[in-house]
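Structure first, then comments.
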Amino acid sequence: MATLVLNEEQQMLKDAARGFLQERAPVTEFRRLRDARDATGFSREVWAAMVEQGFAGTLIPEAHGGFAFGHVGMGQIMEESGRTLALSPLLSSAVLGVSALTLAGSEAQQAELLPALGQGELLLALAVDESGRHDPACIRTRAEHNGSGYTLNGCKTFVLDGHVADRLIVAARTSGDARATDGVTLFLVNPGTAGVEVERTIMVDSRNAAEVRFNDAELPAEAVLGQVDDGLPVLQQLLDIGNAHLAAELLGLTQEVFERTVQYLKERKQFGVAIGSFQALQHRAADLFSEIELLKSTVIAALSALDEGDDDADQLCSLAKARASKVAELATNEGVQLHGGMGMTDEFDVGLFLKRARAAQQTFGDQRYHAQRFARLRGY
Amino acid sequence: MATLVLNEEQQMLKDAARGFLQERAPVTEFRRLRDARDATGFSREVWAAMVEQGFAGTLIPEAHGGFAFGHVGMGQIMEESGRTLALSPLLSSAVLGVSALTLAGSEAQQAELLPALGQGELLLALAVDESGRHDPACIRTRAEHNGSGYTLNGCKTFVLDGHVADRLIVAARTSGDARATDGVTLFLVNPGTAGVEVERTIMVDSRNAAEVRFNDAELPAEAVLGQVDDGLPVLQQLLDIGNAHLAAELLGLTQEVFERTVQYLKERKQFGVAIGSFQALQHRAADLFSEIELLKSTVIAALSALDEGDDDADQLCSLAKARASKVAELATNEGVQLHGGMGMTDEFDVGLFLKRARAAQQTFGDQRYHAQRFARLRGY
Amino acid sequence: MTDLDTFRRETREWLEANCPESMRTPMQSDDDACWGGRKWTFKSEDQRLWLERMAERGWTAPDWPTEYGGGGLNKDQHKILRQEMARIQARSPLNSFGVWMIGPAILKFGSEALKRQHLPPIVRGEIRWCQGYSEPGAGSDLAGLQTKAEDKGDHFIVNGQKIWTSYADKADWMFCLVRTNPDAKKQAGISLVLFDMETPGVSTRPITLISGSSPFCETFLDNVRVEKDQVVGEVDQGWTIAKYLLTHEREMIGGFGRTAAGSKTLAEQAVDAVGLDNGRLADDMLRAEVAQWDLDARAFELTAERVSAQAKAGQGVGAASAMLKYYGTELNKRRQELLMALNGTDALYWEGKGSFDGSLPRHWLRSKGNSIEGGTSEIQLNVIAKNILELG
Amino acid sequence: MTDLDTFRRETREWLEANCPESMRTPMQSDDDACWGGRKWTFKSEDQRLWLERMAERGWTAPDWPTEYGGGGLNKDQHKILRQEMARIQARSPLNSFGVWMIGPAILKFGSEALKRQHLPPIVRGEIRWCQGYSEPGAGSDLAGLQTKAEDKGDHFIVNGQKIWTSYADKADWMFCLVRTNPDAKKQAGISLVLFDMETPGVSTRPITLISGSSPFCETFLDNVRVEKDQVVGEVDQGWTIAKYLLTHEREMIGGFGRTAAGSKTLAEQAVDAVGLDNGRLADDMLRAEVAQWDLDARAFELTAERVSAQAKAGQGVGAASAMLKYYGTELNKRRQELLMALNGTDALYWEGKGSFDGSLPRHWLRSKGNSIEGGTSEIQLNVIAKNILELG
């Protein structure tokens, strides 16, 4: 059975992450980068400090210079970064990039890339979606086998941190139809390759995503990550991991919005009393509190199941993402409403959380996608 | 466009129906019949008085001795009977039976049966469902053409008032597969026919329903109601009519529960004050009030569209039934909860409304069935 | 031929003759509207002509008395004018808080002098008005307003701050709630005053919303002189007028759940985004949610029609406006959430890219304000509970 | 070999030797439970034997001190006993409000004399207890109770009415909250007293619920004499004990959302009712609702586990019991509504007919009480708001 309580080490990691992020990457830092329309989309300096803190190596095995704190550990960092809206390539590189290599990388690939990832010098990005609706079972980007390697054609959308990545992890079809379960292969693609075009796009949460187009891009045979034609199971595992960590981030964000909202209820006076004394608002807050308590349980269960390699890790990851999406939506909507007119102004932070919540929800499937998947995995 | 306000005549009809039902068929009368385990399931005496009031002839054309007040008029009677949980064959006979004849009956059938229906001497019942899940598109009961007539085989369930009906309106397949759109024929079946077995069943709302089994029951050719093989469109219209009137009944029931609950909130004291002074309960009541206001509009729109023969009458009937089911569920659940422990006792009436609500919801499809249908009719 | 038939014929002829062709096309965006006022720059000569011609007949305020520049039309005539304008798709010649809000209040509560001073310029579109109700500290508790008007004999000196003033930076005059009696209890002691935005001490600052730039402004009032003859109604008795104006406003906002004519229904947008599979929306969960919304929205539409039919039939509509405001704005919020979900990551583009040019997330974010402005949903529920259900 | 290993081995051997075979099968219904008491008729000789043998070792109350007849087991031993009983699927030898409720309260708050008088008969299953808390007029406002105990020197005379007393008609003694001081403010002035149900003036009447007959009774107290030595704790200080007992009760009820072991999951019942189509539940709308419930229920299960793991890890669980009670009971109500919807008109049969023998609607109706008994959902939300969120 999954571990549902942090051990001492994990708790220390969480506390340290919180302290660091509150100081170095608070919401004001997010605003600064947003308003400066920073081209990188995050601060290289803060990223270096995160690497210094060991964030980038949290999931990397000790043999490759990492700390092997596991997903529960990494999840605490994600949760805390959700609280401050910290901008960084943590998800794209330290979670998804590292996991892609540990799940599917050859020894040579691991030895070459993991240490650089741990030192934050190398950034990866996962290119999976091809349309606005998340559907990893449908891959149309094609890699044709040619003499020595592959020729890549197609288009990927919403590639997180794609515009700054040093390598792209690309899911492409090496055989079969768009929906065939076999025939997908993962590739490590250098964005500098001729025929690869990367265009940054500005999203509602002021985060980075990119459209990536491949026009007869030539890849060497060594670009293959994992088994040819058998990339879909790895991709699905990667998405589970991504979703568990997105759920952790959403948990942090949700708690932060909730705490700020409760605080506002205590401070804001209307009709001569604190609005928190109105029972209708109390009950809504208490209900939301309950929903968040349930969310906490699902997030740690998913992270812990990933660490244990439990059979039901896929179910638990979808459970966590579905619930995180639903509760974050509720909490951010209630947050704006209960902040009243001030919640509608850009000056207040609550709108920033609202924007990030929807983007994180949609990344790799929202509550509806994961409810469907949960039902399917449970046989109905 | 549908008429959304009662005219003077309709308002008078409604007021008269209310006065009559509150006096002759109040909830205490329902309790009396329930506790006596009355075999008929309603009072013949009260029914005769209803007929006297003209209830049974409301939908019957004047040429056949009726009052032709239309569905808006009849709906007011149904709404008021929802308020008092009045037991009677109004729905089965005065609504569905009469409508079946006016929609599909031959002149001879109308001339023979409509006057008797209007005088309450003849009771009809519609036999459509064949399993617990309402699905009129799937008819397995078969009527095989033989020399002079038809041989009927199959089983119908949840036949409202089937145990007291003088004639059953039976949807049976005269050709094609269970799901074919053609090939369904309606028959008027005398339950005394050899091979017809009617078994009364006791339901949660203490109303009457019956299981009806046909074993080589021989029907004469004149038993056909409407066109052979073309009964499905008529059946669907009948169901629309039934659902609009069930929605009207649910509207009455819902308003009654709501008004009693609001009254209870004003009277019941806890912690030294009326519980209606608690804002959380006020907001729930106000939200429910809004839902009921929307319900009112859909019910009158559906009834009025039936009277006008509007093209979108089918959509509006499904809209009314879906909303009535949803709001009645909410109102009865809130009713019990807000009555606290007393709401759980058989002594209080609120539980009776709860039971009737679910039965009426399920009759001819609940909110989910009608949401699906609404979506289908709207092309998505 | 009845008088009304004659009126209809003459109106039709006049409109045919006087409404410029370009004013007979649907507005493409908010930018096409004509707001008038001192600072106004007409978007086209046709726009100017159309305003001028309509104003001359008083048809920018068709039901106001002719003595104040209005059209002097009765209800039936007014309805015919609307029908005939709709027939040729004529644009509204003037969007105006003067016509919609303060004009009717002055007509109902103002002195004869105020009517003569302010109504004609409103009809002509010469003066653009803004409202000064809300304050940073007050929110839903409007009666708790703090902006102070000190009595200086023939004038007041006003100090304070207003927020959520639409187009304050573009307006010429403000109608403003101020506290004229600091000792009176809340509602008592409030007055509605009028002043020119060019009066020394008045300054404005636009508010950026979570959805981006907005018409809203903060307005700072620093020792602003307001003449006593610019009080609408009696001094200290402004609360009644404020309530009158608020009900007006609530009714304007309540329509949010209704789909703008000509725009696609949610179901159509759903089909565009998700596609059909065997005649059904290709995603089960979204189909269920879209259908639920669609059912509720249709029921809401019918209810708005019913309330209006009841009003016409002379049946009281009760506090229906609170219910319509509550339900309509919540419905629109749900609609916007669904549009975001239906379009997945395509809905997230804030700039340039994607098929929506960033309008989708901006509309979604803006909709969050619907249940706050014009009285929060919570306030509407309070109103229903107290005024209709008599709880409390 | 540690002491615990030894204990486990000995326990296992003793259970093997002493638990009758028929007591090692799952109970088929509530009727199979053993409640004991003066009026008890054992369902079988095995049931009698099993109670007697367990009681002799004090294992009907394993963690109570041996001096009062209990098992004297520490936490680890108690856990081992539970595990070993579960291993052979041994039934609980005794269901008892004495063991669950009043026993622990007497142990914590009662006098030495009360412990010696009441605890051993509880352990032996000789006396069956019922609780007298709620009153017809009080409901959630438990502290507003009106049952009056008049001080007569060495005894009280009690008058009043209790409601929602489970099995009052089958019980031997009642633990009952009464007002001993009418002048004190609400919570002050309440005492917890014990009396024999055979005392003159005590009468009971079963309550019929909307779901049918029930274990609940009304209890009428008409000049009932209660000795002063039957007060638990101090006179007028019963509120503290009442709160202790209520927390206990709330935790028992909170588990409603969890699926009883061995019974079918909602998803399985959904498949039974609706069928699969291409591996998916054949009705889209119901599939969406079942999935939503399933997600929430799984999250709730994990939360109950997490709260219990935190408690074990020594981390405070806060007012988690209010949250679990609230969410668990609401979840069970949703489950029952879904079961009704899944089974359509088949779910409506009240008698005989149909595959459910009327149990489906009865369970559905009964579930409505979950969010009322043991503190309403509204009370739980109040508790969360005030005690955890510190609002108010």
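The values are calculated or read from the model by the stated rules, or taken from the named source; none is laboratory data. Everything numeric here is computed off the predicted structure, so don't read it as measured data. Every residue, glycine among them, receives a Cβ derived from its backbone with ideal geometry; neighbour counts consider all protein chains shown. These accessible areas exclude ligands, DNA and RNA; they are computed on the full protein's heavy atoms, side chains included. Shrake-Rupley method; radii C 1.70, N 1.55, O 1.52, S 1.80 Å.
Mind counting the residues in the stretch A:270-299 that are of a type in the set (D, E, K, R) and either touching a residue at least 12 places away in the same chain (Cβ under 8 Å) or not assigned by the TED database to the domain that holds A:Lys326 (or both)?
Matching residues across the stretch A:270-299 total 3.
For the stretch C:112-146, give me the residue count where each residue is modelled with pLDDT under 95 and touching a Cys at 6+ places or on another chain (Cβ under 9 Å).
The initial filter retains those residues of the stretch C:112-146 that are modelled with pLDDT under 95, namely C:131-146.
This time we only want the ones that are touching a Cys at 6+ places or on another chain (Cβ under 9 Å), so: C:131-133.
The qualifying residues number 3.
Filter the stretch C:163-195 down to the residues that are open to solvent by 40 Å² or more (accessible area, probe 1.4 Å) and either in a strand (DSSP E or B) or within 22 Å of C:Glu227 (Cβ to Cβ) (or both) and list them by number. If you could, list the steps in order and put the result at the bottom.
Going residue by residue through the stretch C:163-195, those that are open to solvent by 40 Å² or more (accessible area, probe 1.4 Å) are C:164, C:167, C:169-170, C:181-183, C:185-188.
Selection gives C:Trp164, C:Asn181, C:Pro182.
Residue by residue through the stretch D:276-290, note down the ones that are open to solvent by less than 20 Å² (accessible area, probe 1.4 Å) and either within 13 Å of D:Leu339 (Cα to Cα) or not in a helix (DSSP H, G or I) (or both).
Residues satisfying the conditions are D:Leu281, D:Leu286, D:Arg287, D:Val290.
Out of all the residues in the stretch A:27-36, is one or more assigned to a loop (DSSP other than H, G, I, E, B) and away from chain D (no Cβ under 14 Å)?
Among the residues of the stretch A:27-36, at least one is assigned to a loop (DSSP other than H, G, I, E, B) and away from chain D (no Cβ under 14 Å), which makes the answer yes.
Could you check how many residues of the stretch C:352-364 are assigned to a helix (DSSP H, G or I) and more than 7 Å from chain A (Cβ to nearest Cβ)?
Of all residues in the stretch C:352-364, those assigned to a helix (DSSP H, G or I) come to C:359-364.
Now drop any that are not more than 7 Å from chain A (Cβ to nearest Cβ), which leaves C:359-360, C:362-364.
Of the residues in that region, 5 qualify.
Please go through the stretch D:139-158 and pick out each residue that is out of contact with any Leu (no Cβ under 6 Å at 6 or more places or on another chain), part of a strand (DSSP E or B) and either within 13 Å of D:Leu221 (Cα to Cα) or among the basic types (Lys, Arg) (or both).
Residues satisfying the conditions are D:Lys148, D:Ala149, D:Glu150, D:Phe156, D:Ile157.
For the structure I just gave you, tell me whether C:Gln77 is surrounded by fewer than 21 Cβ atoms within 10 Å (Cβ to Cβ), in a helix (DSSP H, G or I) and free of Cβ contacts under 8 Å to residues at least 12 places away in the same chain. Spell out how you get there, then give the answer.
On the way: surrounded by fewer than 21 Cβ atoms within 10 Å (Cβ to Cβ): yes; in a helix (DSSP H, G or I): yes; free of Cβ contacts under 8 Å to residues at least 12 places away in the same chain: no.
Judged against the criteria, C:Gln77 is not a match.
Which residue, of B:Arg373, B:Arg368, is under 30 Å from C:Glu268 (Cβ atoms) and at the interface with another protein chain (Cβ under 8 Å from one of its Cβ atoms)?
When all the criteria are applied, what remains is B:Arg368.
For the stretch B:216-234, does any single residue satisfy the condition of being open to solvent by 20 Å² or more (accessible area, probe 1.4 Å) and within 14 Å of another protein chain (Cβ to nearest Cβ)?
No.
Do you know which residues across the stretch B:55-76 are assigned to a helix (DSSP H, G or I), in contact (Cβ under 8 Å) with a residue 24 or more places away in the chain and farther than 18 Å from B:Ala328 by Cβ?
Those that are assigned to a helix (DSSP H, G or I), in contact (Cβ under 8 Å) with a residue 24 or more places away in the chain and farther than 18 Å from B:Ala328 by Cβ: B:Phe55, B:Ala56, B:Gly57, B:His64, B:Gly70, B:His71, B:Val72, B:Gly73, B:Met74.
Test of understanding: among A:Ala320, A:Ala324, A:Ala313, which residue is within 10 Å of another protein chain (Cβ to nearest Cβ) and of a type in the set (Gly, Ala, Ser)? Break it down into steps so the answer makes sense when it comes.
Working: A:Ala324 fails: within 10 Å of another protein chain (Cβ to nearest Cβ); A:Ala313 fails: within 10 Å of another protein chain (Cβ to nearest Cβ).
That would be A:Ala320, the only listed residue that is within 10 Å of another protein chain (Cβ to nearest Cβ) and of a type in the set (Gly, Ala, Ser).
Considering the stretch D:369-389 alone, what residues qualify as being over 17 Å from the mean Cα position of the chain (by Cα) and part of a loop (DSSP other than H, G, I, E, B)?
Once the filter is applied, which keeps residues that are over 17 Å from the mean Cα position of the chain (by Cα) and part of a loop (DSSP other than H, G, I, E, B), the stretch D:369-389 yields only D:Leu389.
Residue-by-condition table, conditions (1) closer than 27 Å to A:Ala357 by Cβ; (2) crowded, with 23+ Cβ neighbours inside 10 Å; (3) facing chain A (nearest Cβ under 10 Å):
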| site | (1), (2), (3) |
| --- | --- |
| C:Ala311 | no, no, no |
| C:Gln315 | no, no, no |
| C:Met323 | no, yes, no |
| C:Leu339 | yes, no, no |
| C:Trp350 | yes, no, yes |
| C:Arg366 | yes, no, yes |
| C:Glu378 | yes, yes, yes |
| C:Gly392 | no, no, no |
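Say we look at the stretch A:159-187 and pick out the residues that are assigned to a strand (DSSP E or B) and open to solvent by 20 Å² or more (accessible area, probe 1.4 Å); which of these is farthest from A:Leu87 (Cα to Cα)?
A:Arg167
Please state which of the following conditions D:Lys108 fails to meet, knowing it meets all the rest: (1) in contact with a Lys or Arg (Cβ under 9 Å, 6 or more places away or on another chain); (2) open to solvent by 80 Å² or more (accessible area, probe 1.4 Å); (3) not in a loop (DSSP other than H, G, I, E, B).
(1) is the only condition that D:Lys108 fails.
Taking the stretch A:340-359, which residues are facing chain C (nearest Cβ under 9 Å) and in a helix (DSSP H, G or I)?
Matches in the stretch A:340-359: A:Gly340, A:Gly341, A:Met342, A:Gly343, A:Val350, A:Gly351, A:Leu352, A:Leu354, A:Lys355, A:Arg358, A:Ala359.
Just to be sure before I move on: is B:Leu238 more than 14 Å from chain C (Cβ to nearest Cβ) and crowded, with 22+ Cβ neighbours inside 10 Å in the structure I sent?
So B:Leu238 fits the description; yes.
Within the stretch B:118-158, count every residue that is open to solvent by less than 40 Å² (accessible area, probe 1.4 Å) and assigned to a loop (DSSP other than H, G, I, E, B).
11
Restrict the check to the stretch A:109-117 and report whether at least one residue is crowded, with 16+ Cβ neighbours inside 10 Å and part of a strand (DSSP E or B).
No - not one qualifying residue is present in the stretch A:109-117.
Give the stretch B:276-294 a look and list any residue that's at the interface with another protein chain (Cβ under 7 Å from one of its Cβ atoms) and not hydroxyl-bearing (Ser, Thr, Tyr), or say none. Outline the logic, then answer.
Initial filter on the stretch B:276-294 (at the interface with another protein chain (Cβ under 7 Å from one of its Cβ atoms)): B:276-280, B:282-283, B:285-287, B:289-290, B:293-294.
Hits for the stretch B:276-294 are B:Gly276, B:Phe278, B:Gln279, B:Ala280, B:Gln282, B:His283, B:Ala285, B:Ala286, B:Asp287, B:Phe289, B:Glu293, B:Leu294.
Inside the stretch D:196-236, can you point out the residues that are in a strand (DSSP E or B) and over 30 Å from B:Lys355 (Cβ atoms)?
Kept after step one, since they are in a strand (DSSP E or B), are these residues of the stretch D:196-236: D:196, D:202-209, D:212-227, D:231-232.
Result: D:Asp196, D:Val202, D:Ser203, D:Leu221, D:Asp222, D:Asn223, D:Val224, D:Arg225, D:Val226, D:Glu227, D:Val231, D:Val232.
Which residue is modelled with the highest pLDDT, if the candidates are limited to the stretch D:260-275 and must be among the small types (Gly, Ala, Ser) and farther than 16 Å from D:Glu337 by Cβ?
Within the stretch D:260-275, the match that is modelled with the highest pLDDT is D:Gly275.
Can C:Gln146 be described as open to solvent by 20 Å² or more (accessible area, probe 1.4 Å), without any contact (Cβ under 8 Å) to a residue 24 or more places away in the chain and not basic (Lys, Arg)?
no
Of the numbered conditions (1) crowded, with 18+ Cβ neighbours inside 10 Å; (2) part of a helix (DSSP H, G or I), C:Cys130 satisfies every one except a single condition; which is it?
(2)
Among A:Thr28, A:Thr58, A:Thr84, which is open to solvent by 10 Å² or more (accessible area, probe 1.4 Å) and at negative phi?
Details: A:Thr58 fails: open to solvent by 10 Å² or more (accessible area, probe 1.4 Å); A:Thr84 fails: open to solvent by 10 Å² or more (accessible area, probe 1.4 Å).
From the options A:Thr28, A:Thr58, A:Thr84, the qualifying one is A:Thr28.
Cβ-Cβ below 6 Å, separation at least six or inter-chain, first residue in the stretch A:326-344 and over 24 Å from A:Lys296 (Cβ atoms), second assigned to a helix (DSSP H, G or I) and of a type outside the set (Asp, Glu): which pairs?
A:Gly343/A:Val336; A:Gly343/A:Val350
Among the residues in the stretch A:207-218, are any free of Cβ contacts under 8 Å to residues at least 60 places away in the same chain and of a type in the set (Lys, Arg)? Give the derivation first.
So in the stretch A:207-218, the residues free of Cβ contacts under 8 Å to residues at least 60 places away in the same chain come out as A:209, A:211, A:213.
Those still in the list that are of a type in the set (Lys, Arg) too: A:213.
Taking every residue of the stretch A:207-218 in turn, at least one turns out to be free of Cβ contacts under 8 Å to residues at least 60 places away in the same chain and of a type in the set (Lys, Arg).
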